[in-house]
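The values are calculated or read from the model by the stated rules, or taken from the named source; none is laboratory data. What you are looking at is a predicted structure, and each value in this text was computed from that prediction instead of being measured. Cβ atoms come from the backbone with ideal geometry, glycine included; neighbour counts cover every protein chain shown. Accessible surface is based on the protein model in full, side chains and every heavy atom, while ligands, DNA and RNA are left aside. Shrake-Rupley method; radii C 1.70, N 1.55, O 1.52, S 1.80 Å.
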Amino acid sequence: MSAVRCVDLCKTYRQGDQDIKALDHVDLEISDGGFVCLSAPSGGGKTTLLNAIGGLDKPDTGEVWIAEQRIDQMSKGELAALRLSQIGFVFQAYNLIPVLSARENIEFVMQVQGQPTALRRDKAMAILREVGLAGLEDRRPAEMSGGQQQRVAVARAIVSRPALVLADEPTANLDSTTSDGLMALFVDLNQNHNTTFVIATHDQRVMGYAKRLIRMLDGKIVDDIDQQAA
Amino acid sequence: MAVNIISRLAWRNVWRHPRRTWLTIGAMVFSNALLVFMISIQFGMYGLMIDNTLKAFTGHMQVQAPGYKDDLKMRQVVPDAATLAEKLRSELKLDRISARSSAFALLSSEDRSYGVQVFGVDPQYEPGVSTIPGLVREGRFPTDNNAQEIVIGKTLARNLRVETGDELTLLGSGRDGSFAAAVAEIVGIFDSGVPDFDRSIAEIPLGFFGDVFFMDHAAHSIVIVAPALSAVEEYRPRVEELLSPADGLVVHDWNALQPGLKQAIQADISSAFFMYGILVILVAFSVMNTQLMSVLERTHEFGIVMSLGVTPGRLGRLVLLETGMIALAGLVLGALVGGLITLWFGYKGFSYPGMDQLAANFNLPSRFYPQVTVLTLFLGPVFVFAGSILSALYPALRLQWVHPVEAMRSLQ
């Protein structure tokens with residue numbers, strides 16, 4: 001079964017007087033348990049593709065399917081429910097809620113999912129230990145380093161064990177040691193929980209972890225390499 | 001106690017900009033305190049207006065002949081009034097019941113004459129149903145039911161240029177249409193503080209009135225004062241049961257006897273609540289401004305949580321929860337401050353220059369002591385609370401149109 005399927009996706013942005021083709025007839029299929037890196041220069045279309053896959057942005061034309069559900073025609077509410085139950089997001093800029101502590105940021109999503117208090121607290125503490133942030137659970141984002149914040153953001157994305165994790169430049173603000181730790185965590189989830197990862201990145205080291213590397217240029221897929229076979 | 005994350009998030013969002021939050025709460029506290037104080041004074045004044053007006057003369061209920069209330073004809077009487085009054089006193093176990101008659105007459109002194117309304121009152125029971133006997137400032141109130149004595153108001157005494165001990169000639173028409181005339185000695189001059197009363201009313205003993213106006217043991221009304229205004233509804237049917245159907249008498253409550261009083265109060269409530277409404281709207285706009293700013297500056301954050309799967313509706317409820325927290329703080333603090341201010345004035349009394357003259361026109365004292373009740377404490381603040389929540393609907397609904405990707409692109 002495919003985790004993600006994009007059919008003939010097009011998306012054009014208006015920038016000043018110019019139309020920018022962010023996605024230009026993109027076809028893509030990612031199977032369950034895939035570990036895919038999207039690589040492109042800035043403006044190449046990788047973030048737009050991630051947003052379309054995550055239901056954050058609607059393509060102008062084409063179809064997006066997640067776990068055999070067509071999502072490009074879903075309502076806002078249906079898309080929110082889909083993201084809440086099946087997709088985890090990791091952003092380059094961490095995007096934590098500044099007034100909540102590390103643990104509360106992680107619990108927030110679980111509360112919206114309706115998980116009981118004790119269970120979500122246990123899960124939050126466990127995932128914080130897993131990402132190496134035990135003891136920092138009561139710190140707010142402003143009291144943590146960039147690497148620590150990114151690990152909280154990752155913990156928030158994976159705590160509910162989503163089927164699909166979409167990560168946009170997750171290591172851009174991290175040092176190499178922290179990056180390696182984060183990628184090891186992703187690989188572990190991919191191998192042991194069959195979580196599908198789609199990671200947009202410029203980082204060659206991150207690309208090295210991927211089973212499949214997709215290169216984009218001007219909104220088109222120009223290269224699709226199966227790194228396991230290579 | 002476990003407080004859920006959404007509530008915790010709302011509470012912390014409220015205090016992201018403490019100065020702005022306190023300014024908004026301050027506006028609510030000020031308006032709520034003002035409303036508590038003003039409504040306490042207003043409702044207290046209405047109570048006093050009703051109480052003082054009814055105590056002065058009208059009583060809570062009157063038994064009359066049908067039609068007498070609207071057309072004061074001498075021949076529309078309550079037959080054998082003293083006996084009926086005694087029966088009511090004994091059956092209802094109420095002392096404050098007295099028979100009363102009334103006629104228009106010309107009062108003449110040596111120098112001048114004035115048209116007045118002369119009341120025949122029972123000296124023994126009238127003090128229980130009217131404050132006039134207690135307001136006699138010179139001389140005394142009559143004690144003998146048949147004495148040829150008269151009590152007049154201060155202004156009337158000045159107009160007639162008379163004082164206690166002088167005699168007045170009384171000319172009018174009797175119940176049977178015959179000529180009624182008598183001479184009475186002024187034994188007392190009252191000062192009610194109500195210019196109309198002091199200028200145009202005279203009281204003589206009921207027995208003497210009956211002789212002069214040929215009443216034949218009849219009177220025009222039986223005045224009844226219930227233990228409290230709120231007991232009128234309970235006593236009215238009991239009074240009606242005790243009346244003989246053959247006499248065809250009717251019972252009017254204070255509202256029917258003094259329709260102008262209720263209308264004046266309703267008019268005052270309408271104008272006051274119009275002003276209060278404006279105050280509530282001003283506060284609501286202040287809250288809307290605060291919440292709109294708060295929503296706009298958190299656009300990026302809303303984009304993040306929407307990308308995590310939170311619906312715009314849930315975010316809207318978060319904004320309403322935040323507003324509810326601010327409004328609740330304003331309600332509690334405003335009611336507290338307003339309640340304390342009102343209690344202070346309830347102890348010290350409230351007055352302002354010129355209030356004595358204004359108050360006299362409405363039969364009110366020159367210094368007023370407002371009372372705090374649950375209604376006066378929360379009526380205004382509850383409207384401010386509701387107005388604040390309503391005003392936050394716009395910022396909350398605005399989130400329906402937030403697009404997660406565009407929101408996350410906005411500045412943090």
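Matching residues to (1) buried (at least 20 other Cβ atoms within 10 Å of the Cβ); (2) in contact (Cβ under 8 Å) with a residue 60 or more places away in the chain:
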| site | (1), (2) |
| --- | --- |
| A:LEU82 | no, no |
| A:ILE87 | yes, yes |
| A:GLN92 | no, yes |
| A:PRO98 | no, no |
| A:VAL109 | yes, no |
| A:ARG120 | yes, no |
| A:ALA124 | yes, no |
| A:LEU128 | yes, no |
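Please find, among B:ALA335, B:ALA407, B:ALA386, B:ALA396, the residue that is of a type in the set (A, V, I, L, M) and within 14 Å of chain A (Cβ to nearest Cβ).
After ruling out the rest, the residue left standing is B:ALA407.
If a residue has to be in a loop (DSSP other than H, G, I, E, B) and aliphatic (A, V, I, L, M) to count, how many in region A:65-95 make the cut? Full working, then the answer.
Residues of region A:65-95 in a loop (DSSP other than H, G, I, E, B): A:67-68, A:71-75, A:91-95.
If we keep only those that are aliphatic (A, V, I, L, M) as well, we get A:67, A:71, A:74, A:93.
Total meeting the criteria: 4.
Mind checking whether some residue in region B:161-169 is among the hydroxyl-bearing types (Ser, Thr, Tyr) and touching an Asp or Glu at 6+ places or on another chain (Cβ under 7 Å)?
Applying the first criterion (among the hydroxyl-bearing types (Ser, Thr, Tyr)) to region B:161-169 yields B:164, B:169.
Checking the rest, the ones that are also touching an Asp or Glu at 6+ places or on another chain (Cβ under 7 Å) come to B:164.
Yes, region B:161-169 has at least one match.
Look at B:PHE37 and say whether it is away from chain A (no Cβ under 14 Å) and open to solvent by 60 Å² or more (accessible area, probe 1.4 Å). Step through it out loud before you land on a result.
Values: away from chain A (no Cβ under 14 Å): yes; open to solvent by 60 Å² or more (accessible area, probe 1.4 Å): no.
No; evaluated as a whole, the condition is false for this residue.
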**Message:** Among the residues that make up region B:165-187, is at least one of them in the same structural domain as B:ASP216 (by TED's automatic domain parsing), surrounded by 15 or more Cβ atoms within 10 Å (Cβ to Cβ), among the aliphatic types (A, V, I, L, M) and assigned to a loop (DSSP other than H, G, I, E, B)?
**Reply:** no
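Take the residues of region A:156-194 that are among the charged types (D, E, K, R) and part of a loop (DSSP other than H, G, I, E, B): which is nearest to A:GLN113 (Cα to Cα)? Step through it out loud before you land on a result.
Step one: of region A:156-194, the residues among the charged types (D, E, K, R) are A:156, A:161, A:168-169, A:175, A:180, A:188.
Okay, now just the ones that are also part of a loop (DSSP other than H, G, I, E, B), so A:161, A:169, A:175.
Values: A:ARG161: 12, A:GLU169: 26, A:ASP175: 33 Å.
So the residue we want is A:ARG161.
Does A:ALA3 meet the test of being aliphatic (A, V, I, L, M), within 25 Å of A:ASP218 (Cα to Cα), in a strand (DSSP E or B) and within 18 Å of the chain's Cα centre (by Cα)? Walk me through how you get there before you give the answer.
On the way: aliphatic (A, V, I, L, M): yes; within 25 Å of A:ASP218 (Cα to Cα): yes; in a strand (DSSP E or B): yes; within 18 Å of the chain's Cα centre (by Cα): yes.
So A:ALA3 fits the description; yes.
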**Asked** For region B:211-269, which residues satisfy the criterion of being open to solvent by 70 Å² or more (accessible area, probe 1.4 Å) and within 19 Å of B:LYS87 (Cα to Cα)?
**Response** B:ASP216, B:HIS217, B:PRO227, B:GLU234, B:ARG238, B:GLU240, B:GLU241, B:PRO245, B:ALA246, B:ASP247
**Item:** Checking A:GLY62 against (1) outside any loop (DSSP other than H, G, I, E, B); (2) within 11 Å of chain B (Cβ to nearest Cβ); (3) in contact (Cβ under 8 Å) with a residue 24 or more places away in the chain, the condition it does not meet
**Value:** (2)
**Asked** How many residues, within region A:89-137, are at the interface with chain B (Cβ under 10 Å from one of its Cβ atoms) and over 22 Å from B:ASN4 (Cβ atoms)?
**Response** 4
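Applying the selection to region B:271-301, what residues are within 14 Å of chain A (Cβ to nearest Cβ), closer than 27 Å to B:MET28 by Cα and in a helix (DSSP H, G or I)? If you could, list the steps in order and put the result at the bottom.
Within region B:271-301, the subset within 14 Å of chain A (Cβ to nearest Cβ) is B:294, B:297-301.
Still in the list and also closer than 27 Å to B:MET28 by Cα: B:294, B:297-299.
Selection gives B:SER294, B:GLU297, B:THR299.
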